[in-house]
Amino acid sequence: MTIVTDLTSRKADTAAPLIDPLADRWSPRAFDPAAVVETETLRTILEAARWAPSANNSQPWRFIVARRGTAAFTKLHDAMAGFNQAWADSAAVLIANLAETVDAEGRERPWARYDLGQAVAHLTVQAQHEGLHTHQMGGFDAKAIHDAFDLADSLEVVSITTIGALGDVDRLPEVLREREVAPRQRKTLDEFVTVGE
Ligand SMILES: Cc1cc2nc3c(=O)[nH]c(=O)nc-3n(C[C@H](O)[C@H](O)[C@H](O)COP(=O)(O)O)c2cc1C
């Protein structure tokens, strides 16, 4: 018998109150393979990234956006590690997150990856607010993506974000299903915060 598990809420058990999109965000692997993200919604999500802070307002993030069913989606999916390929094909959108680590004058941008991370964080929170889910990944061949999209040397492929609507967890392979329903865990605040005196 298939046990259908309701994962519509994996809300964080927080030690202090958070705004809903932060408490509600989690990274599913079970995406609805039929769901489509409206163009206006996608635009809103990317607009959230646009307004992220960055060192010297350099805005060193670049995004390659690929909808399911496009050649660009296939290129990104092909470059993923097998353990990510196994679930990410159901996402409605894949976004390759790139950092421009060298500016137009050839100077290093030490905070480019940090700035990209903030932009992606903005994007994920906005996506959650739009009723969607995101799942970031580092398990892919960055060089394969660099080559497939013929990217400039100044660009580094740092991560991929999957975006979509929540799907049926019971359609996942058993090993992934187990991870999907496992309790969510975090360090306590005391473990990573030092209050200076
Ligand atoms: C930079 C980065 C790389 C990640 N790489 C992968 C990955 O390759 N595969 C995967 O399934 N999840 C990946 N994740 C998702 C994390 O495992 C997940 O965010 C973490 O376990 C916390 O779970 P939550 O997002 O549901 O709170 C990655 C997340 C980040 C931010």
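The values are calculated or read from the model by the stated rules, or taken from the named source; none is laboratory data. Owing to the predicted nature of the structure, the values given are computational and were not obtained by experimental measurement. Virtual Cβ from ideal backbone geometry, glycine too; neighbours counted across all protein chains shown. Side chains included, ligands, DNA and RNA excluded: accessible areas come from the protein's heavy atoms. Shrake-Rupley method; radii C 1.70, N 1.55, O 1.52, S 1.80 Å.
Here is a yes/no grid of residues against (1) surrounded by 15 or more Cβ atoms within 10 Å (Cβ to Cβ); (2) away from the ligand (no atom under 16 Å from the Cβ); (3) within 16 Å of Phe63 (Cα to Cα):
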{"position": "Asp147", "(1), (2), (3)": "no, yes, yes"}
{"position": "Val169", "(1), (2), (3)": "yes, no, no"}
{"position": "Arg177", "(1), (2), (3)": "yes, no, no"}
{"position": "Thr188", "(1), (2), (3)": "no, no, no"}
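Test Gln118 against the stated conditions and say whether it is open to solvent by 50 Å² or more (accessible area, probe 1.4 Å), at negative phi, under 18 Å from the mean Cα position of the chain (by Cα) and of a type in the set (S, T, N, Q). Write out each step before concluding.
Details: open to solvent by 50 Å² or more (accessible area, probe 1.4 Å): yes; at negative phi: yes; under 18 Å from the mean Cα position of the chain (by Cα): yes; of a type in the set (S, T, N, Q): yes.
It is true that Gln118 is open to solvent by 50 Å² or more (accessible area, probe 1.4 Å), at negative phi, under 18 Å from the mean Cα position of the chain (by Cα) and of a type in the set (S, T, N, Q).
Any residue at all in the range 34-46 that is closer than 30 Å to Glu105 by Cβ and open to solvent by 30 Å² or more (accessible area, probe 1.4 Å)? Can you show your working first?
Keep residues of the range 34-46 that are closer than 30 Å to Glu105 by Cβ, which gives 46.
Next, only the ones that are open to solvent by 30 Å² or more (accessible area, probe 1.4 Å) stay: 46.
There is at least one residue in the range 34-46 that is closer than 30 Å to Glu105 by Cβ and open to solvent by 30 Å² or more (accessible area, probe 1.4 Å).
Among what's in the range 47-69 and is closer than 14 Å to Ala96 by Cα and open to solvent by 50 Å² or more (accessible area, probe 1.4 Å), pick the residue that is farthest from the ligand (Cβ to nearest atom).
Checking each candidate, the answer is Arg67.
Kindly state which strands (runs of 3 or more DSSP E) lie completely within the range 83-164 and contain at least 2 residues that are over 15 Å from Arg25 (Cβ atoms) and not polar (S, T, N, Q).
On the way: elements: 93-100, 133-137, 155-164.
Here the list reads 93-100, 155-164.
Just the residues that are open to solvent by 40 Å² or more (accessible area, probe 1.4 Å) and within 12 Å of the ligand (Cβ to nearest atom), please, taken from the range 81-91. So that I can check it myself, show each step before the final result.
Taking the range 81-91 first, the residues open to solvent by 40 Å² or more (accessible area, probe 1.4 Å) are 82-83, 85-86, 89.
Once the filter is applied, which keeps residues that are open to solvent by 40 Å² or more (accessible area, probe 1.4 Å) and within 12 Å of the ligand (Cβ to nearest atom), the range 81-91 yields Gly82, Phe83, Gln85, Ala86.
Any residue at all in the range 22-40 that is among the aromatic types (Phe, Trp, Tyr) and under 23 Å from Glu156 (Cα atoms)?
First, the residues of the range 22-40 that are among the aromatic types (Phe, Trp, Tyr): 26, 31.
Filter again for under 23 Å from Glu156 (Cα atoms), leaving none.
The answer is no; no qualifying residue exists.
Could you grab the pairs with beta carbons closer than 7 Å, sequence gap of 6+ or different chains, first residue in the range 136-148 and closer than 23 Å to Thr124 by Cα and of a type in the set (Val, Ile, Thr), second one within 15 Å of the ligand (Cβ to nearest atom) and not in a helix (DSSP H, G or I)?
Final answer for the pair search is Ile145/Ala96; Ile145/Val157.
For the subset of the range 126-140 comprising residues that are on the phi < 0 side of the Ramachandran plot and more than 12 Å from the ligand (Cβ to nearest atom), which member is nearest to the chain's Cα centre (by Cα)? First the steps, then the outcome.
Let us first name the residues in the range 126-140 that are on the phi < 0 side of the Ramachandran plot, namely 126-130, 132-140.
Of the ones still in play, those that are also more than 12 Å from the ligand (Cβ to nearest atom) are 126-127, 129-130, 132.
On the way: Gln126: 12, Ala127: 10, His129: 14, Glu130: 15, Leu132: 11 Å.
Among them, the one singled out is Ala127.
Just a yes or no: is a residue in the range 23-30 in contact with a Gly (Cβ under 7 Å, 6 or more places away or on another chain) and either open to solvent by less than 10 Å² (accessible area, probe 1.4 Å) or more than 13 Å from the ligand (Cβ to nearest atom) (or both)?
First pass over the range 23-30, keeping only residues in contact with a Gly (Cβ under 7 Å, 6 or more places away or on another chain): 30.
Still in the running and either open to solvent by less than 10 Å² (accessible area, probe 1.4 Å) or more than 13 Å from the ligand (Cβ to nearest atom) (or both): 30.
The answer is yes, given that some residue of the range 23-30 is in contact with a Gly (Cβ under 7 Å, 6 or more places away or on another chain) and either open to solvent by less than 10 Å² (accessible area, probe 1.4 Å) or more than 13 Å from the ligand (Cβ to nearest atom) (or both).
Pairs please, first residue from the range 171-196 and in contact (Cβ under 8 Å) with a residue 24 or more places away in the chain, second anywhere and open to solvent by 70 Å² or more (accessible area, probe 1.4 Å), Cβ atoms under 8 Å, 6+ apart in sequence or on different chains.
Filtered contacts from the range 171-196: Arg184/Asp13; Thr188/Ala15; Leu189/Ala15.
Take Asp78 and decide whether it is of a type outside the set (Val, Ile, Thr), surrounded by 22 or more Cβ atoms within 10 Å (Cβ to Cβ) and in contact (Cβ under 8 Å) with a residue 60 or more places away in the chain. Reasoning before the result, please.
Details: of a type outside the set (Val, Ile, Thr): yes; surrounded by 22 or more Cβ atoms within 10 Å (Cβ to Cβ): no; in contact (Cβ under 8 Å) with a residue 60 or more places away in the chain: yes.
Here the answer is no, as Asp78 does not meet what is asked.
Within the bounds of the range 107-114, is there any residue that is open to solvent by 60 Å² or more (accessible area, probe 1.4 Å) and among the aliphatic types (A, V, I, L, M)? Talk me through it step by step, then tell me what you get.
If we filter the range 107-114 for residues that are open to solvent by 60 Å² or more (accessible area, probe 1.4 Å), which is where we start, we get 107-108, 110-111, 113-114.
After this cut, where a residue has to be among the aliphatic types (A, V, I, L, M) as well, the list is none.
Within the range 107-114, none of the residues are open to solvent by 60 Å² or more (accessible area, probe 1.4 Å) and among the aliphatic types (A, V, I, L, M).
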